[in-house]
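Here's the structure we're looking at; comments come further down.
Just so it is clear, none of the values below were taken in a lab; they were calculated from the coordinates. All values derive from a computational prediction rather than experimental measurement. Cβ coordinates were reconstructed from backbone atoms using ideal geometry, including for glycine residues, and neighbour counts include every protein chain displayed.
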Ligand SMILES: NC(=O)c1ccc[n+]([C@@H]2O[C@H](COP(=O)([O-])OP(=O)(O)OC[C@H]3O[C@@H](n4cnc5c(N)ncnc54)[C@H](OP(=O)(O)O)[C@@H]3O)[C@@H](O)[C@H]2O)c1
């Protein structure tokens, strides 16, 4: 199963000038819970923002300019190459950024999306989820100074 995991503002922004343009305590809890022990796939620009492979999971980096190979990080040159490496895994997480989400969206079986309850400026967006293809299977609102809602969408099987 291929899952996209993302946090967006109310206006679908995911990034601004190479960074995530918010810091909300607790908002990344679901990312950590879901991806620990699994494989995440990410583009080079998102990887550079974090600066290192995240602990306790495997990272597949997509890049034609970098080649990082460590015990828990592999680099490939395309998304299909990444999918080939994880074809025997139950669930793999595509973790951004904009370019990689756009490429992976047609293959997504599931989308875990956190919607921050605020309009935020940015220059990288998540593609709109087409509700002809996806159904909402989970919703949990977390109230706080800046509230957010965890949603899960699953691709409708035809
Ligand atoms: N809100 C969230 O949940 C979230 C999550 C992740 C990231 N972000 C944000 O997203 C932004 C980054 O997104 P982005 O779209 O600019 O970049 P990106 O998708 O993170 O990385 C793009 C890079 O990945 C490589 N790549 C992607 N597709 C490829 C392909 N098919 N073949 C070869 N290489 C490929 C290329 O690297 P090379 O140039 O090295 O070849 C490309 O320049 C940042 O602002 C980040 O903070 C937000």
Evaluate the relative contact order of the stretch 2-155 (contact order divided by residue number), counting alpha-carbon pairs under 8 angstrom at least 6 apart; express in whole percent.
-> 34 percent
Which FRET efficiency value, to the nearest 0.05, is calculated for residue 87 and residue 16 with the Förster distance at 30 angstrom and r the Cβ-Cβ distance?
-> 0.30
So what is the relative contact order of the stretch 56-131, in percent, for Cα pairs below 8 Å that sit 6 or more residues apart?
-> 19 percent
For the stretch 88-158, what are the per-bin percents of Cα-Cα distances with bins 10 Å wide, up to the bin holding the maximum?
-> 16, 45, 33, 5, 0
Quick one: what does P(r) look like for the stretch 28-158 with 10 Å bins over all Cα pairs, in whole %?
-> 11, 40, 37, 12, 0
Which percent, to the nearest 5, of DSSP beta bridges fully inside the stretch 2-155 are antiparallel?
-> 45 percent
Length gained if residue 158 through residue 70 is fully extended, taking 0.36 nm per residue and subtracting the Cα-Cα distance, is 27.7 nm
Report, in deg cm²/dmol and to the nearest 500, the calculated mean residue ellipticity at 222 nm for the chain, where each DSSP H run with n ≥ 4 adds -39500 (n - 2.57) and the sum is divided by the residue count.
-> -4500 deg cm²/dmol
Going by how many other beta carbons lie within 10 Å of each one, how would you line up 58, 118, 19, fewest first?
-> 19, 118, 58
